[in-house]
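Engineer: Here's a structure for you.
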Amino acid sequence: METDTTTPTTDALPPEDSENTNGAGTASRPGEGVWEELVTSALLGTDRRVPAGLAGLPGSALPGALLDSAALHAVRRRAGLRPGPAARPPEPAPEDHRSPLPGAARRRLDQLLAGRAAPSPAGRRGAAPDLAELLPQWLALANERGYRAPAATLPALLDAARARTDLRPQALRLAGPRGLWLARLNPEWRFALRGAGAGSFLPDPGDEEGVRTLWDEGLFAERVALLGAVRAADAAAGLALLASTWSAERAEDRLMFLDSLRTGLRAADEEFLEEALGDRSRNVRATAAELLSALPASALAARMADRAVACVGLDRTAESPTIAVEAPHECDPAMQRDGLVAVPPAGRGERSWWLGQLVEAAPLSCWPTRFGGRGPAEIVALPVGDDWQAELHAAWCRAAVRQRDAAWSRALLGSPATPPATGPGTSSLAERAQLLATLPTGERARWVASFIAAHGLSEAFQLLGVCEVPWAEPLGGAVIDALDIAREAGSYPWSFSGVMGLAERCLAPEAARQLESLTARPEEADDVSPGAGGYWSEAFQRLVSTLRLREAMRAELTAEVG
């Protein structure tokens, strides 16, 4: 094949090209003038401007020759670039001595991180499990068993945690120190350095020098985690660590540090919290007061009890025992120092606002004496004069939640068979859920099961959310029975989509056998919603397949590492 002698060649760069500099004294690209001429000719067209190196070629050959020349000069320009200085290599990743995942569990994690079940036609969810909704449970199970994430999975795991804040604590725990090391190299993963996983680099609480260094120099999340670790090992040392820099901390940091004292709160914290009542930040003062009111023997609790019992007591003039309420007429500076907010929200009266705060902060142990030795259930059952019952009972509910008092919670919850609007303490399902959270897990499950049996599922969604997972019996059976009743009534299943989603995550996997009979498509009667039977069949199939997948996940995480 003959070679066109007019086509440029790739001769070595002349010295003047390789060391060419522009007016600013910096090296320019070799052959820049030739390249610019080729670009200009390509833009204008070879019929209007012919590059100097291609002059003499026939017009029909110019376009191809121009492209050949451009290709050669592109290679020449790239080859003539000098490499820049090498970046400093990162520090080696720390070791993670936790156990590796079993093989099946590694593959399952890849599957869960890769995506979710494909949508079915017409917007229906289909019968396949939603993998994205199973990922949090998988992470929790893996962390319970002390596994570490495979190194190759760390980028996908960090991406998932970046997209979903609910995954972050468990995902960062599984990622461990290597995940945090990797997060320092990618700005998109910087959230991990502010999250719960920061505790992976904590020194031993007994290492005084390491603790001091991290406390003085660490990221805020690391300092919060360090404070928790030191307090868990030595509560007095943790409090001393916090006090050593308290006055120099920012207001928002003081608030977060103070809030972290909720875990392991003890009587010895009272002196520090009393000093925090004089903090220049209103939020810090309010949090300190809340923590002190959770210590029934604290001086603040005694002051609040004195104020509360002066406002609430038995009406001695009534024919039958009745609670009389005389709300405060002012919110003096001493009350404000103890955490009361003087200005009420819009729509609230001042006196009722002050009364609610006083009763909420008073120790519940002060009321039996005030009411002649009556117990919580007897006190809650007493009528309240002058329409103060709703305000008083709501404050007692908040106090029971704050002080984690199960006896008062039972009294305020009343019987689960009682209609919510006529219950003894509260008609708010949100408040009932908070009260339930103070009860033992078994008692909580039984109460919600009885509530569902009496009132159905439509009122129970918030209550189900505070029950321990997997749902203990008889709660699981009550949910299944209620779903079966809704199916028989011909309701559409998407009316219960929230409960169905909870059931997929919270029912015990063993319930799949009980649900098998509900997966068949029933014959539809004339008086039911058209097509409802098919939707219910699909929903129960998805529930069964999800429970079986959860059972498989658990088995994979308990298998021997291969």
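Engineer: Filter the helices (runs of 4 or more DSSP H) completely within region 216-313 down to those with at least 2 residues that are over 28 Å from the mean Cα position of the chain (by Cα).
Structural biologist: Those helices (runs of 4 or more DSSP H) span 235-245, 270-276, 299-311.
Engineer: Could you pull out the residue among Pro368, Pro321, Pro363 that is over 30 Å from Ala233 (Cβ atoms) and outside any helix (DSSP H, G or I)?
Structural biologist: Every option except Pro321 fails the conditions.
Engineer: With (1) open to solvent by 50 Å² or more (accessible area, probe 1.4 Å); (2) closer than 17 Å to Glu443 by Cα as the list, and Leu413 as the residue in question, which single condition is left unmet?
Structural biologist: Unmet condition: (1).
Engineer: Return a yes/no flag: does region 110-125 have any residue that is open to solvent by less than 70 Å² (accessible area, probe 1.4 Å), modelled with pLDDT of 90 or more, over 29 Å from Gly533 (Cα atoms) and more than 23 Å from the chain's Cα centre (by Cα).
Structural biologist: Looking through region 110-125, none of the residues is open to solvent by less than 70 Å² (accessible area, probe 1.4 Å), modelled with pLDDT of 90 or more, over 29 Å from Gly533 (Cα atoms) and more than 23 Å from the chain's Cα centre (by Cα).
Engineer: Right, another one. Collect the residues in region 133-146 that are touching a residue at least 60 places away in the same chain (Cβ under 8 Å) and open to solvent by less than 20 Å² (accessible area, probe 1.4 Å), keeping them in residue-number order.
Structural biologist: Within region 133-146, Leu134, Trp138, Leu141, Ala142 meet the criteria.
Engineer: Now a separate question. What's the number of the condition Glu468 fails, among (1) open to solvent by 50 Å² or more (accessible area, probe 1.4 Å); (2) under 30 Å from Gly264 (Cβ atoms); (3) part of a helix (DSSP H, G or I)?
Structural biologist: Condition not satisfied by Glu468: (3).
Engineer: With respect to Arg82, is the statement that it is touching a residue at least 12 places away in the same chain (Cβ under 8 Å), open to solvent by 60 Å² or more (accessible area, probe 1.4 Å) and assigned to a helix (DSSP H, G or I) true?
Structural biologist: No; evaluated as a whole, the condition is false for this residue.
Engineer: Being free of Cβ contacts under 8 Å to residues at least 24 places away in the same chain, in a helix (DSSP H, G or I) and either touching a helix residue (DSSP H, G or I) at 6+ places or on another chain (Cβ under 8 Å) or within 18 Å of Ser281 (Cα to Cα) (or both) is the filter here, so list the residues in region 335-354 that pass it.
Structural biologist: Answer for region 335-354, where residues must be free of Cβ contacts under 8 Å to residues at least 24 places away in the same chain, in a helix (DSSP H, G or I) and either touching a helix residue (DSSP H, G or I) at 6+ places or on another chain (Cβ under 8 Å) or within 18 Å of Ser281 (Cα to Cα) (or both): just Gln336.
Engineer: With the requirement that a residue be assigned to a loop (DSSP other than H, G, I, E, B) and either open to solvent by less than 60 Å² (accessible area, probe 1.4 Å) or closer than 14 Å to Gly414 by Cβ (or both), what does region 375-386 give you?
Structural biologist: Gly375, Leu382
Engineer: I would also like to ask the following. Go through region 123-166 and count every residue that is part of a loop (DSSP other than H, G, I, E, B) and either on the phi > 0 side of the Ramachandran plot or of a type in the set (Lys, Arg) (or both).
Structural biologist: 6
Engineer: Taking region 471-508 as the search range and keeping residues that are part of a loop (DSSP other than H, G, I, E, B) and under 17 Å from Leu439 (Cα atoms), which one is least open to solvent (accessible area, probe 1.4 Å)?
Structural biologist: By that ranking, first place goes to Trp471.
Engineer: While we're on this one: Which one of Gly80, Gly59, Gly45 is at negative phi, among the small types (Gly, Ala, Ser) and out of contact with any Lys or Arg (no Cβ under 7 Å at 6 or more places or on another chain)?
Structural biologist: Answer to the selection: Gly59.
Engineer: With respect to Asp96, is the statement that it is surrounded by 12 or more Cβ atoms within 10 Å (Cβ to Cβ), modelled with pLDDT of 90 or more and assigned to a loop (DSSP other than H, G, I, E, B) true?
Structural biologist: Against the criterion (surrounded by 12 or more Cβ atoms within 10 Å (Cβ to Cβ), modelled with pLDDT of 90 or more and assigned to a loop (DSSP other than H, G, I, E, B)), Asp96 qualifies.
Engineer: Here's a follow-up. Are there any pairs, at least 6 apart or on different chains, whose C-beta atoms fall under 8 Å, with the first in region 516-537 and on the phi > 0 side of the Ramachandran plot and at pLDDT 75 or above and the second among the aliphatic types (A, V, I, L, M) and surrounded by 12 or more Cβ atoms within 10 Å (Cβ to Cβ), and if so, which?
Structural biologist: Every condition considered, no pair remains.
The values are calculated or read from the model by the stated rules, or taken from the named source; none is laboratory data. Everything numeric here is computed off the predicted structure, so don't read it as measured data. Positions of Cβ are generated from backbone atoms using ideal geometry, with glycine treated the same way; all protein chains shown enter the neighbour counts. Only protein heavy atoms, including side chains, enter the accessible area calculation; ligands, DNA and RNA are left aside. Shrake-Rupley method; radii C 1.70, N 1.55, O 1.52, S 1.80 Å.
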